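In what follows, a single structure is set out as structure tokens and then discussed.
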Amino acid sequence: MKLYKISLAVLMGVATLSSCDSELDVTNPNQQTAATFGFSADDLEENVIAAYNHIRMEGTYARVGYMLDVCRGDEVWNSSQVWYMPFDDLNVAFTDEIGQWSWRDWYYTINVTNFTLSRCGEDNSALNEQMKRIKGQMLFLRGLAYYNLAGYYQNPILITDYATYSTLDGLYGTNSSYDEVWDQVEKDFAEAMTLLPSRDAGGEWAKGRATSGAAAGFYARALMMRHKYSDALAVLRNIINGQYGSYKLMANYGDNFREGAAYENNDESLFEVQYLDFGTQGTDDEWTPVNTSPNATQGHAIESNFGPGDFGGWADLSASPWLYNLFKAEKTTNGTLDPRLYWTIGTYETDWDGFEYGNVCYATPMTADAPVVTNNNYGGLPVAKNTNFRTGVYDKVVTGLHCGINLRLMRYSDVLLRAAECENEVNGPTQQAIDWINQVRQRAGLADLKLADFNSKDKLFEQIANVERPKEFGCEYGRGFDLIRWGFFYDGGRLQQLKEHGTFRRTNDRSRVKEAVSYSGIAAGDTELKSSYDTWIQGHEFFPIYQGTLNDNPNLVGNSANNSTSNADKLYGPVHPVVGL
């Protein structure tokens, strides 16, 4: 019936036109099609904006797309025991629709980038400076999309040619292998490096955009996912040496987690997702990529997931006791707590009296005898990072897509620690690796490491993987990717270590919120204790492809999480054994 009505309308339109002696062919600018749009640089600039808009959506980085990786890491646990529960337990079912949201939103991004790239041509030497920047940004964003899809779903559909959308064969593609997708990710980032200006050359234009430095940083990350350490080290050295622009650590670690022009897109940031500051946004939350409200909020909901229930948050995720005690184990050279703890976990500490904004939770003073917990039923150490817990911007969580803090996806400290890791893998342990690590430690006021204390590559790796990186990047996106590339799920010692790191206490007794826990307590019968990794099912270090997506596409098959199959034979190198520090 619907097709009949459409056909009738078309025929009536043709009859009407044929009855006229003269015809006027006018293109409606408000009804652009792929046949009429995108033949000028100005058109394509609109697509660039659209692509950037897609990476700040629900399934990309605004909430679920960011949090799925945070959940599978050992630095965070599910304090609501409801939302994100199967992702934290690493046993999500293929019928769980939440896991499809990231797949959905990244393919929206890919569609926009593929269309734009189809208008750019293959010959980069023929492009003017504006077109090089357009193409470079689209390659970076497509690489970023597939970086996430491979890291989450293992063997997604690889679509790089916009013309394939014109047929059902293109729309209903088959899975590509893990290696095929990573090959494309590397190719896109590598080409983007040659087209984009550095942040220095880009000037004001470069703020908030992908630059050659951003592409180089993510290219190195992609190489490390398959243990291409020599290649990654060369790229990271070039970043450090200024080939892709000047970067440096901010003197104040907290400046990486505040909103406003004075802090965002700073000297440490290689790439960050842009969100409007609080007070400059609209009021309509846009949870899906097809909403087009002119009054959209244009913030993120990371804060809502982390925020304590007493202060209006959804109280879903808390910092692990392991991470808290890791911070507490080492003081600065002045005998005080590591300042990164202040910005990572929202606990009361005497050291914070007079430090930054002091012992506050959303502008409310905290005291030692009245600790703030994430969830009123299950407790939890509140995550302060990427929230306004410490900033005093407002007195309670404004839930939904309202937080205006830009999400720094890659910082210069990551370049330094990754360079140290690659140097250790290729030549280590070496003084060069130690020196790069010490640059990050010096910012925190910690004593320098000494090469003499690391008599093996394994021991220095342990320091990087389970001390330096957790304290610098704790509760940020990326830890789950690290656990996969390090092979921790498929080594008995490493899996046991994850179980220890992932142990937490579920209790409404606030006096126990800082209490150290041990995995051995679970076996001893302490029913309040749990470890996320006890419920890990082989293959579920990735997320399953949603069954509804498989039903819609008969050419698509599930991955290791759909089939609960081991990936032990797919590792790209030996797993470092656990070493005591």
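Inspect all residues belonging to region 105-115 and state whether any of them is at pLDDT 95 or above and closer than 29 Å to Ala568 by Cβ.
yes
Pairs only if they're at least six apart or on different chains, beta carbon under 6 angstrom, first in region 196-209 and part of a helix (DSSP H, G or I), second surrounded by fewer than 15 Cβ atoms within 10 Å (Cβ to Cβ); list them, first residue then second.
Pairs that qualify, where the first residue is part of a helix (DSSP H, G or I) and the partner is surrounded by fewer than 15 Cβ atoms within 10 Å (Cβ to Cβ), are Asp200/Ser246.
Does at least one position in region 458-475 carry a residue that is among the acidic types (Asp, Glu), surrounded by fewer than 23 Cβ atoms within 10 Å (Cβ to Cβ) and free of Cβ contacts under 8 Å to residues at least 40 places away in the same chain?
no
Among (1) in a loop (DSSP other than H, G, I, E, B); (2) open to solvent by less than 60 Å² (accessible area, probe 1.4 Å); (3) at negative phi, where does Gly525 come up short?
(3)
Six or more apart or on different chains, Cβ atoms under 9 Å: show the pairs whose first residue is in region 529-546 and in contact (Cβ under 8 Å) with a residue 12 or more places away in the chain and β-branched (Val, Ile, Thr) and whose second is open to solvent by less than 10 Å² (accessible area, probe 1.4 Å) and part of a strand (DSSP E or B).
Cβ pairs passing all conditions: none.
In region 49-92, what residues are of a type in the set (Val, Ile, Thr) and either closer than 30 Å to Leu326 by Cβ or surrounded by 22 or more Cβ atoms within 10 Å (Cβ to Cβ) (or both)?
Scanning region 49-92 gives Ile55, Thr60, Val64, Val70, Val76, Val82, Val92.
Can Gly354 be described as in a loop (DSSP other than H, G, I, E, B), open to solvent by 40 Å² or more (accessible area, probe 1.4 Å) and on the phi > 0 side of the Ramachandran plot?
When the stated conditions are applied, Gly354 passes them.
Restricting region 398-420 to residues that are more than 18 Å from the chain's Cα centre (by Cα) and open to solvent by less than 10 Å² (accessible area, probe 1.4 Å), which is nearest to Tyr362 (Cα to Cα)?
Gly400
Can you find a residue in region 172-184 that is exposed (fewer than 15 other Cβ atoms within 10 Å of the Cβ), at pLDDT below 95 and not hydroxyl-bearing (Ser, Thr, Tyr)?
So far as region 172-184 goes, no, none of its residues is exposed (fewer than 15 other Cβ atoms within 10 Å of the Cβ), at pLDDT below 95 and not hydroxyl-bearing (Ser, Thr, Tyr).
Checking Arg485 against (1) under 24 Å from the mean Cα position of the chain (by Cα); (2) crowded, with 18+ Cβ neighbours inside 10 Å, which single condition isn't satisfied?
(2)
Only one of (1) more than 18 Å from Ala319 (Cβ to Cβ); (2) in a helix (DSSP H, G or I); (3) touching a residue at least 24 places away in the same chain (Cβ under 8 Å) is not met by Ala447, so which one is it?
The single condition Ala447 does not satisfy is (2).
Based on what the data block shows, is Asn359 at negative phi and either small (Gly, Ala, Ser) or in contact with a Phe, Trp or Tyr (Cβ under 6 Å, 6 or more places away or on another chain) (or both)?
Against the criterion (at negative phi and either small (Gly, Ala, Ser) or in contact with a Phe, Trp or Tyr (Cβ under 6 Å, 6 or more places away or on another chain) (or both)), Asn359 qualifies.
For region 533-580, which residues satisfy the criterion of being over 20 Å from Asp482 (Cα atoms) and open to solvent by 70 Å² or more (accessible area, probe 1.4 Å)?
Asn551, Asp552, Pro554, Asn555, Val557, Asn563
Could you give every pair whose Cβ atoms fall below 6 Å, whose first residue belongs to region 416-442 and is part of a helix (DSSP H, G or I), and whose second residue is hydroxyl-bearing (Ser, Thr, Tyr), counting only separations of at least 6 or pairs across chains?
Cys422/Tyr229; Glu423/Thr430; Glu425/Tyr229; Val426/Tyr229; Val426/Ser230; Val440/Ser413
Condition test on Asp188, is it surrounded by fewer than 23 Cβ atoms within 10 Å (Cβ to Cβ) and free of Cβ contacts under 8 Å to residues at least 60 places away in the same chain?
Here the answer is no, as Asp188 does not meet what is asked.
Between Arg221, Arg258, Arg237, which is among the basic types (Lys, Arg) and touching a Gly at 6+ places or on another chain (Cβ under 9 Å)?
That would be Arg221, the only listed residue that is among the basic types (Lys, Arg) and touching a Gly at 6+ places or on another chain (Cβ under 9 Å).
Residues being in contact (Cβ under 8 Å) with a residue 60 or more places away in the chain, part of a helix (DSSP H, G or I) and β-branched (Val, Ile, Thr): count how many of those fall in region 128-180.
Summing the residues that are in contact (Cβ under 8 Å) with a residue 60 or more places away in the chain, part of a helix (DSSP H, G or I) and β-branched (Val, Ile, Thr) in region 128-180 gives 1.
Take the residues in region 114-127 that are in contact (Cβ under 8 Å) with a residue 24 or more places away in the chain and open to solvent by 30 Å² or more (accessible area, probe 1.4 Å); name whichever of them is nearest to Ile159 (Cα to Cα).
The selected residue is Ser118.
Would you mention how many residues in region 285-295 are touching a residue at least 24 places away in the same chain (Cβ under 8 Å) and either over 18 Å from Tyr107 (Cα atoms) or aromatic (Phe, Trp, Tyr) (or both)?
Residues that pass the stated criteria total 2.
Collect the residues in region 528-539 that are within 24 Å of Gly558 (Cβ to Cβ) and part of a loop (DSSP other than H, G, I, E, B), keeping them in residue-number order.
Selection gives Trp536, Ile537, Gln538, Gly539.
Tell me which helices (runs of 4 or more DSSP H) are completely within region 228-334 and hold 1 or more residues being modelled with pLDDT of 95 or more and closer than 26 Å to Ala50 by Cβ, or say none if there are none.
302-306
So which residues in region 97-113 are open to solvent by less than 40 Å² (accessible area, probe 1.4 Å) and either over 13 Å from Pro156 (Cα atoms) or in a loop (DSSP other than H, G, I, E, B) (or both)?
Answer for region 97-113, where residues must be open to solvent by less than 40 Å² (accessible area, probe 1.4 Å) and either over 13 Å from Pro156 (Cα atoms) or in a loop (DSSP other than H, G, I, E, B) (or both): Ile98, Gly99, Asp105, Thr109, Val112, Thr113.
Which of the residues spanning region 137-171 are open to solvent by 10 Å² or more (accessible area, probe 1.4 Å) and of a type in the set (S, T, N, Q)?
Within region 137-171, Gln154, Asn155, Thr160, Thr164, Ser166, Thr167 meet the criteria.
Does Ser320 count as surrounded by 23 or more Cβ atoms within 10 Å (Cβ to Cβ), in contact (Cβ under 8 Å) with a residue 24 or more places away in the chain and in contact with a Lys or Arg (Cβ under 6 Å, 6 or more places away or on another chain)?
Spelling it out, it is not the case that Ser320 is surrounded by 23 or more Cβ atoms within 10 Å (Cβ to Cβ), in contact (Cβ under 8 Å) with a residue 24 or more places away in the chain and in contact with a Lys or Arg (Cβ under 6 Å, 6 or more places away or on another chain).
The values are calculated or read from the model by the stated rules, or taken from the named source; none is laboratory data. This structure is a prediction, so every number in the text was calculated from the model and none was measured. Counting neighbours? That spans all protein chains shown, and the Cβs are built from the backbone with ideal geometry, glycine included. When the accessible area is computed, the model is the full protein with side chains, heavy atoms only, and any ligands, DNA or RNA have been set aside. Shrake-Rupley method; radii C 1.70, N 1.55, O 1.52, S 1.80 Å.
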